[in-house]
Amino acid sequence: MEEIVMMQPMDRSDEGDRFTWMECECEKLLKSLRHQSDNKRMCFFLQPNYPADYFAYISRPMDWETCYRRLQDRKYETFGEIAGDLRQIFSNALKYNGRMKDMDPISKQAYDSAVTMSEKLEVTIQRMLIAVSDRVERDKVEQVVLDREMEIAQKEEEARVKKEWQQERERGVPIASESHRVPSSTIKITRRPNVRKGMDFDFPFYDEEGTHEKSAIDVISNQKKTYEEQQLERVRMDANMQYLGYVVHHKLQERSCAIHWAKELTEKIQLSLSHKQNVVNEKSSSEVNDKGLMNNESASFVASFLQISDRSQIKLAFSTESKEKKNLFGICCMYESSTS
């Protein structure tokens, strides 16, 4: 039980506000060491007044005022932290004064005070553990019961509202306006008061949780309003989805038409280019054939002329002609008839 309670997270309030019940338990633990009968023993541990060689033996000094100031500043997160600091006070005193208790009366008195107050601290811590564990478990049980009651009430309310909706749909009756609604009963949920008997010390109880009240008609109206809004949003969403599908279909159709048109245009251009190329090739081939025929005709004419037996004889003679600027040598072919 001690480990569970010491590791229990504390409900911390804001600085300057009233303590929560867990912080009040810590404050009670601190104030239990400041009773009037303990002032003579606690005078050694209230303030950070340490001897000159104190830090040579003690690595983590602690005092009552430091613990109380840390509680005021909301520095403690668990019960184990504040209990550990208070135990550190007396363990430091026992460690430092134990070596000089037989020779120094002040050390002897401080040592005895630490032994007495540490025993009282342990008793107070045990009482705090019992009180805190009982309160924590009781709060858990009450929270579970409250959650179950809320869940049952919610299920009953949902069943009743569902039944009313079904009846209205079967009759075809429209939803009543606010002015014609009949007021219904009020659901009131309260927590049981904290009562403790047989305790021999003060135990503060705070009933800060107020009553939770709500009208059943408000619950029904809110649920109906939410249902109607959901139906309207569903219709609006369906219309948006249809419009979006139409737009996407139209865009895809335009794209397919554009691709088909581009393909047809490309085929036409390729056909026209191939036709032009064929025409050019035909013209060039015809010109080449015409030139070949002319050459063949001239060669065949010369050969046929040379084969004639009664043709005139051809005489070749070389002659020179002088001119003013340059001399030209030429070959003159003279054709003379044998009859002349």
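Results, tabulated for the structure shown:
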{"read-out": "Per residue solvent-accessible surface (Å²) - the range 1-158, probe of 1.4 Å", "value": "58 Å²"}
{"read-out": "Cα-only radius of gyration and Dmax that characterise the range 21-92, units Å", "value": "12.6, 40"}
{"read-out": "Carbon/sulfur fraction of accessible area - the range 2-133, other protein chains in place, 1.4 Å, %", "value": "51 percent"}
{"read-out": "Net charge, LEU33 excluded, C-beta distance under 11 Å - Lys, Arg +1, Asp, Glu -1", "value": "+4"}
{"read-out": "Nearest-0.05 FRET efficiency for TYR246 and THR266, computed from C-beta distance (R0 35 Å)", "value": "0.70"}
{"read-out": "The range 72-120 and the range 264-285: distance between their alpha carbon centers, rounded to Å", "value": "111 Å"}
{"read-out": "Accessible-area value, CYS26, 1.4 Å probe, nucleic acids and ligands omitted, Å²", "value": "0 Å²"}
{"read-out": "For the range 1-129: Kirkwood Rh in Å [reciprocal of mean 1/r, alpha carbons]", "value": "15.5 Å"}
{"read-out": "Summed side-chain charge close to ILE152 - residues other than ILE152 whose Cβ falls under 14 Å, Lys, Arg +1, Asp, Glu -1", "value": "-3"}
{"read-out": "Which listed pairs, of LYS31/LYS140; LYS75/LYS95; LYS40/LYS75; LYS31/LYS120; LYS28/LYS108; LYS140/LYS162, have C-alpha distances above 23 Å, in listed order", "value": "LYS31/LYS140; LYS75/LYS95; LYS40/LYS75; LYS28/LYS108; LYS140/LYS162"}
{"read-out": "FRET efficiency for LYS31 and ASP218, using Cβ-Cβ distance with R0 set to 45 Å, rounded to 0.05", "value": "0.45"}
{"read-out": "GLU170-THR116 pseudo-label distance in nm [points 7 Å out on the Cα-to-Cβ vector]", "value": "8.3 nm"}
{"read-out": "Per DSSP, loop GluC sites (Glu not before Pro) in the range 56-162 with at most 16 further Cβ within 10 Å", "value": "GLU77"}
{"read-out": "Kirkwood hydrodynamic radius (C-alpha pairs) into Stokes-Einstein, the range 254-293, 10 °C and 1.306 mPa s, D in µm²/s", "value": "128 µm²/s"}
{"read-out": "Sequence of LEU146, LEU129 from largest to smallest accessible area, 1.4 Å probe", "value": "LEU146, LEU129"}
{"read-out": "Label-point separation, ASP238 to ARG255 (7 Å along Cα→Cβ), nm", "value": "2.9 nm"}
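The values are calculated or read from the model by the stated rules, or taken from the named source; none is laboratory data. Since we're looking at a predicted model, the values are computed, not measured. No Cβ is skipped: glycine too gets one built from the backbone with ideal geometry, and neighbour counts run over all protein chains shown. For accessibility, only protein heavy atoms count, side chains too; no ligands or nucleic acids. Shrake-Rupley method; radii C 1.70, N 1.55, O 1.52, S 1.80 Å.
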